[in-house]
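The values are calculated or read from the model by the stated rules, or taken from the named source; none is laboratory data. If you're wondering where the values come from, they're calculated on a predicted model, not measured in any experiment. Methodologically, a virtual Cβ is constructed for each residue, glycine included, from the backbone with ideal geometry; neighbour enumeration extends over all protein chains shown.
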Amino acid sequence: MRLLDPYTPPMTLPGIDLDLSRNEGQPPDMSILDEVSGEPGLLNRYPDSSGLRDKVSKLRDVSPEATLVTAGGD
């Protein structure tokens, strides 16, 4: 990834602080690449959400089965 030229997104309209139309995030800290370079499978998988689901369920006093945690998106 270090050899790739960074993508330059188009400019957003004035007054827009968070543009959700481009499905983009902040670039990763390059030190993360060094940490996961030995395990490339970590880069293309979403993390297990069961721990977060359990905590949200307890916080909202509902069962884990009634709580949906997703990676975002549409």
**Q.** Single residue of 48, 74 found to be assigned to a loop (DSSP other than H, G, I, E, B), over 26 Å from residue 2 (Cβ atoms), modelled with pLDDT of 70 or more and not polar (S, T, N, Q)
**A.** 48
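Taking residue 18, is it at pLDDT below 80 and in contact with a helix residue (DSSP H, G or I) (Cβ under 6 Å, 6 or more places away or on another chain)?
Numbers: at pLDDT below 80: yes; in contact with a helix residue (DSSP H, G or I) (Cβ under 6 Å, 6 or more places away or on another chain): no.
So residue 18 does not fit the description; no.
Residue 1: part of a loop (DSSP other than H, G, I, E, B), more than 20 Å from residue 72 (Cβ to Cβ) and modelled with pLDDT under 70, yes or no? Don't jump to the end; show me each part of the working.
Numbers: part of a loop (DSSP other than H, G, I, E, B): yes; more than 20 Å from residue 72 (Cβ to Cβ): yes; modelled with pLDDT under 70: yes.
Yes, satisfied.
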